[in-house]
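A.B. asks: Submitted below is the structure of interest, expressed as structure tokens.
Read-outs throughout are calculated quantities, based only on the coordinates presented, and are distinct from any laboratory measurement. Everything numeric here is computed off the predicted structure, so don't read it as measured data. Cβ sites come from the backbone with ideal geometry, for glycine too, and all protein chains shown count toward neighbours.
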Amino acid sequence: MNVLLIGSGGREDAVARKIVEKDNLYSVITNENPSIIDLSQEYIKYNENNFNEIIKFSNENKIDIAFVSPDEILNTDLVNILRENHIPVASPSKKAAMIETSKEYMRYIMDKYKIKGNIENKIINNYDSLNKFFNGNDGEYAIKPIGLTGGKGVKVMGLQLKNREEAIDYAKTIINKDGKVLIEKRETGEEFSIQAFSDGKNIVYMPVAQDYKRLYEGDNGPNTGGMGSITDKNLSLPFLSDKTVEDAKKILNDIITSMRKEDNEFKGVIYGQFMATENGVKVIEINSRLADPEGINVLTLLKSNIVDIFLDIYSGTLKNNIKFENKSTVLKYIVPPGYGMEPVETELRIKDNIENNNFKLYYASVSGELTKIKTTKSRSLALIGIADSIYEASDIVESNLKNITGNYYIRHDIGTRNMIENKIKL
Ligand code: GLY
């Protein structure tokens with residue numbers, strides 16, 4: 001099969017590695033990712049103003065199936081244009097991707113179909129209503145832009161927002177920019193991610209993961225795109241009950257079913273960011289793609305052929321026979337110095353051939369050669385350990401750091417015994 005992959009971050013490197021296990025990779029890249037370039041038969045640069053070039057590239061290379069991966073690109077007309085040109089795609093249309101690109105749409109679907117896990121929320125589009133809302137409500141709230149923010153636009157009272165005044169000011173900034181803002185009741189609890197493949201009717205879940213969004217150790221500092229992530233060997237997490245996981249899976253299934261009823265069939269990967277609270281599972285957000293970094297953990301464990309899954313998504317014949325290895329994984333992202341604040345582009349050297357059965361290294365927003373990369377201001381290298389326990393997987397990442405030299409930042413605490421035991425005690 002000839003497979004077209006659009007996107008070139010760490011998550012897409014993981015997709016690319018799975019594709020080339022059996023099939024031919026053709027890529028459309030947004031940065032000169034040395035791993036994806038190395039794996040590709042041919043590649044072109046992404047140009048959002050020239051989708052005809054992607055169609056031409058697909059036709060010339062007789063593409064059998066395409067996978068459009070990043071959120072920003074799912075928010076364009078590309079999937080629709082590929083479909084119009086009879087190129088099979090295993091990704092959601094722009095309208096279906098609204099489950100991520102419009103938090104207003106996501107809450108609308110959950111409200112309308114009475115899907116469990118919804119959070120009390122309100123859309124506000126003017127200062128008057130905003131002031132009235134805060135005068136009439138005492139609680140703590142999360143202030144969210146409606147659209148995409150790369151994981152960095154949500155601010156929560158008691159975390160990034162010190163008091164009501166700061167919350168109101170931030171909400172006003174969003175109204176000024178976007179015309180409206182989403183205000184949600186603040187929930188507290190343990191967050192976790194569940195990703196699933198769906199062909200619009202059938203859904204197949206991937207292992208449960210947890211993402212560490214905060215910049216600093218001990219889960220402090222500003223939110224980032226994600227500093228690392230874990231999965232555990234029983235494909236759930238040691239601090240979540242079976243009921244919590246089952247409830248979250250049902251929510252994803254209900255969303256797929258409801259979107260179908262709305263004549264907005266979702267084909268591709270759907271990913272729920274959930275929170276286990278005292279009052280049950282709550283939906284923090286729903287995304288229309290693989291998570292980054294959590295998508296890398298689960299793809300590293302995927303035993304089934306990803307291209308068969310893509311073809312089944314496209315043709316509506318997804319089967320519940322997708323297999324994952326029963327192993328724990330810990331991923332830690334190497335990022336440029338100052339990442340999340342004032343990042344500085346830098347160079348890193350990587351020793352040759354450092355991968356083995358228990359350790360993988362994925363290339364993210366970087367360019368250069370496999371052993372000598374130039375970073376951008378975004379995440380650079382995803383290091384992942386694979387073992388029989390989360391702690392061992394974390395140690396595997398740490399012991400491989402000696403093979404990477406240069407100036408970088410990494411959160412060492414992800415997946416350590418101390419961190420996981422503290423969560424189990426909660
Ligand atoms: N794990 C964060 C994200 O993919 O949005």
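A.B. asks: In whole Hz, what ³J(HN,Hα) sequence does region 179-187 give by Karplus (6.51, -1.76, 1.60; θ = phi - 60°), x for Gly and Pro?
C.D. replies: x, 7, 9, 9, 10, 10, 4, 6, 9
A.B. asks: For region 9-36 and region 232-284, what is the centre-to-centre distance using only Cα atoms, to the nearest Å?
C.D. replies: 28
A.B. asks: Further question on the same structure: Would you list the P(r) distribution for region 200-303, with all Cα-Cα distances sorted into 5 Å bins from 0 and each bin expressed as a whole %?
C.D. replies: All Cα pairs, binned at 5 Å, distribute as 2, 11, 20, 23, 22, 13, 6, 2, 0 percent.
A.B. asks: Which stretch or stretches of region 155-170 have amide N atoms under 19 Å from the point lying 7 Å from Glu285's Cα along the Cα→Cβ direction?
C.D. replies: The answer is 155-161, 167, 170, whose backbone nitrogens lie closer than 19 Å to the label point.
A.B. asks: Can you list the HN-Hα couplings for region 329-335, worked out from phi with the Karplus curve (6.51, -1.76, 1.60; θ = phi - 60°), rounded to whole Hz and with x for Gly and Pro?
C.D. replies: 9, 10, 10, 10, 8, 7, 10
A.B. asks: Sticking with this one: Only sites in a loop by DSSP and with at most 16 other Cβ atoms within 10 Å count here; which GluC sites (Glu not before Pro) in region 147-203 make the cut?
C.D. replies: On the way: sites: Glu165, Glu166, Glu184, Glu187, Glu190, Glu191; in loops: Glu187.
Within region 147-203, no GluC sites (Glu not before Pro) qualify (loop, at most 16 other Cβ atoms within 10 Å).
A.B. asks: Evaluate 2.2 N^0.38 Å with N set to the residue count of region 1-146, then give the Cα radius of gyration divided by it.
C.D. replies: 1.37
A.B. asks: Which whole-percent values make up P(r) of region 176-231 when all C-alpha to C-alpha distances are grouped in 5 Å steps starting at zero?
C.D. replies: 4, 13, 14, 17, 17, 17, 12, 5, 0
A.B. asks: Amide H neighbours of Thr277 under 5 Å, counting only residues 5+ apart in sequence or on other chains, H built in-plane at 1.01 Å?
C.D. replies: Result for Thr277 returns Lys282.
A.B. asks: Let me ask something else. Tell me, what is the FRET efficiency for Asn357 and Glu120 to the nearest 0.05, using R0 = 56 angstrom and their Cβ-Cβ distance as r?
C.D. replies: Once rounded, the FRET efficiency stands at 0.75.
A.B. asks: Can you list the residues, at least 5 places off or on another chain, whose amide H is less than 5 Å from the amide H of Tyr46, using H built in the peptide plane?
C.D. replies: Ile29, Thr30
A.B. asks: With a point put 7 Å past each Cα toward its Cβ, work out how far Ile44 is from Arg260 in nm, to one decimal.
C.D. replies: With each label point 7 Å from Cα toward Cβ, the separation is 3.5 nm.
A.B. asks: Among the chymotrypsin sites (Phe, Trp or Tyr not before Pro) in region 183-269, which ones are in a DSSP loop with at most 10 other Cβ atoms within 10 Å of the Cβ? Mind listing them? Intermediate values should be presented prior to the final figure.
C.D. replies: Details: sites: Phe192, Phe197, Tyr205, Tyr212, Tyr216, Phe239, Phe266; in loops: Phe239, Phe266.
Sites meeting the loop and neighbour criteria: none at all.
A.B. asks: Show me 123-129, 142-148 ranked by packing, highest mean number of other Cβ atoms within 10 Å first. If you can, show how the numbers build up before the last one.
C.D. replies: Working: 123-129: 13.4, 142-148: 20.7.
Sorting 123-129, 142-148 by mean packing, highest first, produces 142-148, 123-129.
A.B. asks: So what's the convex hull volume per residue for the Cα atoms of the chain, in Å³? Could the numbers behind the result be given before it?
C.D. replies: Details: hull volume 58.0 nm³, N = 426.
Dividing the Cα hull volume of the chain by its residues yields 136 Å³.
A.B. asks: Oh, and also: Taking every Cα atom in region 1-54, find the radius of gyration and the maximum pairwise distance Dmax, and write them in Å.
C.D. replies: 10.4, 32
A.B. asks: According to the Kirkwood expression over distinct Cα-Cα pairs, how big is the hydrodynamic radius of region 48-113, in Å?
C.D. replies: 12.8
A.B. asks: Order by neighbour count: Lys95, Lys323, Lys351, fewest other Cβ atoms within 10 Å first, most last.
C.D. replies: Lys323, Lys351, Lys95
A.B. asks: Let me ask something additional. Test of the criteria: in region 59-126, which chymotrypsin sites (Phe, Trp or Tyr not before Pro) are in a DSSP loop and have at most 16 other Cβ atoms within 10 angstrom of their Cβ?
C.D. replies: Details: sites: Phe67, Tyr105, Tyr108, Tyr113; in loops: Tyr113.
Those satisfying the criteria are Tyr113.
A.B. asks: Let me ask something additional. Taking a 19 Å limit on the Cα-Cα distance, which of the listed pairs Lys155/Lys282; Lys144/Lys185; Lys332/Lys360; Lys116/Lys267; Lys249/Lys323 fall beyond it?
C.D. replies: Beyond 19 Å between Cα atoms: Lys116/Lys267.
A.B. asks: Quick one: P(r) of region 346-392 from all Cα-Cα pairs, 5 Å bins, percents rounded to integers, in order of increasing distance.
C.D. replies: Once binned at 5 Å, the Cα pair distances of region 346-392 give 5, 20, 28, 20, 13, 10, 4.
A.B. asks: Fewest Cβ neighbours within 10 Å first, please rank Leu381, Leu302, Leu159 accordingly. Walk me through the intermediate numbers first.
C.D. replies: Numbers: Leu381 24, Leu302 20, Leu159 14.
Final ranking by Cβ density, sparse to dense: Leu159, Leu302, Leu381.
A.B. asks: Turning to a different aspect of this structure: With runs of 4+ DSSP H residues as the only contributors, calculate the mean residue ellipticity of the chain at 222 nm using -39,500 (n - 2.57) per run, divided by the residue total and rounded to the nearest 500. Numbers along the way, then the final one.
C.D. replies: On the way: 14 runs with 134 residues, N = 426.
Mean residue ellipticity, 222 nm, calculated: -9000 deg cm²/dmol.
A.B. asks: Another question about this same structure. Where Rh is the Kirkwood radius over the Cα pairs of region 268-426, the temperature 4 °C and the viscosity 1.567 mPa s, what D in µm²/s does Stokes-Einstein return?
C.D. replies: Reported coefficient: 73 µm²/s.
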